[in-house]
Amino acid sequence: MKRIIIADDSATARMFIKRCLQIIGLGDVEIIEAEHGKEALTAAKAQEVDLLLTDLNMPVMDGETLVKWVKASPKLGDLPVVVITSAGNPAKEAQLLKLGAHRVLNKPVSPPVMLDALADFMDE
Amino acid sequence: MIEHNPLYQSMINAASQTLENMAFMEVMEHFDRSHEISIEELAWNSLLINDPILGEIRLAMSKAFLQKLTGNIFGIDDDEITQLQMDDILNELLNTIVGLFLTNLLADDQEYKMGLPELGADELPEVDANTIVWKLMTGEEDALQIFASGASLVALKDD
């Protein structure tokens, strides 16, 4: 079973992402919820993870810092990271993609947008 | 000089898209421009815009509407709804609305920075000359109001 980490300080946002995953056919995955980047990073290091979905604006460790830590880690460097944010714009998106993020999506994410972003992941 | 799109419509589009995607609710301008939400019934929060303009956005609605939204979004009955869930919904709504508002408002290559939403305590700050108010409602006539304040933000207001 695939394992996905959802990092967002909002329970509402995490619930929306889970609902989106279910709608696009990813209901049968193990979801690990994290309230900030540090919690997500700890969870990713503790077990095999297939995908990381993260918000940008979070307390303790933000999403941009999380991307940097993941991409700098020998163990996690290949982990696909999709950033889902309300603070995104083309300049920020380019910056995150340069850091190694797989995709950057703007909230509120609709199922078709999520499906398009995760197409590669679902084909594996 | 900041290159930007029409401010008033940018906010309406942001609120409309957010409520539609998150709660499957249609949002439009309120038919009664003098409509006010009762102070005793008010739930509100605020969020700072820190760059490239300084400003504050506040979102306000009645507690009854917030409870209804929370029930719809989480898919739970009224007696299962917690204050924490209602606070979280309000914050996520504002966070998403402001992000979309800035994306709609600013030019494509303009980066922006916004803070985290904070729940409001007591009464809403008074509306002054440096405040823009959007009075909106859903298809079921539940009212919500959005306030934008800050001189540099309000200066972008279209005539």
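Six or more apart or on different chains, Cβ atoms under 7 Å: show the pairs whose first residue is in the stretch B:20-38 and in contact (Cβ under 8 Å) with a residue 40 or more places away in the chain and within 14 Å of chain A (Cβ to nearest Cβ) and whose second is exposed (fewer than 11 other Cβ atoms within 10 Å of the Cβ) and assigned to a loop (DSSP other than H, G, I, E, B).
Partner pairs satisfying both residue conditions: B:Met25/B:Gly139.
Are there any strands (runs of 3 or more DSSP E) wholly within the stretch A:2-94 with 3 or more residues that are in contact with a His (Cβ under 9 Å, 6 or more places away or on another chain) and aliphatic (A, V, I, L, M), and if so which?
Numbers: elements: A:3-7, A:30-34, A:51-54, A:81-85.
Correct list: A:81-85.
Restricting to the stretch B:118-151, count the residues that are assigned to a loop (DSSP other than H, G, I, E, B) and of a type in the set (A, V, I, L, M).
Of the residues in that region, 4 qualify.
Restricting to the stretch B:1-18, name every residue that is in a helix (DSSP H, G or I) and of a type outside the set (S, T, N, Q).
Result: B:Leu7, B:Tyr8, B:Met11, B:Ile12, B:Ala14, B:Ala15.
If the requirement is being buried (at least 20 other Cβ atoms within 10 Å of the Cβ), under 27 Å from B:Ile49 (Cα atoms) and more than 14 Å from chain B (Cβ to nearest Cβ), which of these qualifies: A:Leu99, A:Leu66? Walk me through it before giving the result.
Working: A:Leu99 fails: buried (at least 20 other Cβ atoms within 10 Å of the Cβ).
Answer to the check: A:Leu66.
Exactly one condition in (1) more than 9 Å from chain A (Cβ to nearest Cβ); (2) closer than 17 Å to B:Leu47 by Cα is not met by B:Asn72; state its number.
Condition (2) is where B:Asn72 drops out.
So, of the residues in the stretch B:19-67 that are touching a Pro at 6+ places or on another chain (Cβ under 6 Å) and assigned to a helix (DSSP H, G or I), which turns out to be nearest to B:Gln83 (Cα to Cα)?
My answer is B:Met22.
Which one of these is under 13 Å from the mean Cα position of the chain (by Cα) and surrounded by 20 or more Cβ atoms within 10 Å (Cβ to Cβ): A:Ala44, A:Ala87?
Every option except A:Ala44 fails the conditions.
Residues being within 7 Å of chain A (Cβ to nearest Cβ) and part of a loop (DSSP other than H, G, I, E, B): count how many of those fall in the stretch B:85-109.
2
Taking the stretch B:75-84, which residues are more than 24 Å from B:Ala121 (Cβ to Cβ) and either of a type in the set (Val, Ile, Thr) or within 13 Å of chain A (Cβ to nearest Cβ) (or both)?
Across the stretch B:75-84, the qualifying residues are B:Gly75, B:Ile76.
Values quoted throughout were computed directly from the atomic coordinates according to the rules given, and no laboratory measurement underlies them. Owing to the predicted nature of the structure, the values given are computational and were not obtained by experimental measurement. Because the Cβ atoms are built from the backbone with ideal geometry, glycine has one as well, and the counts that use them run over all protein chains shown.
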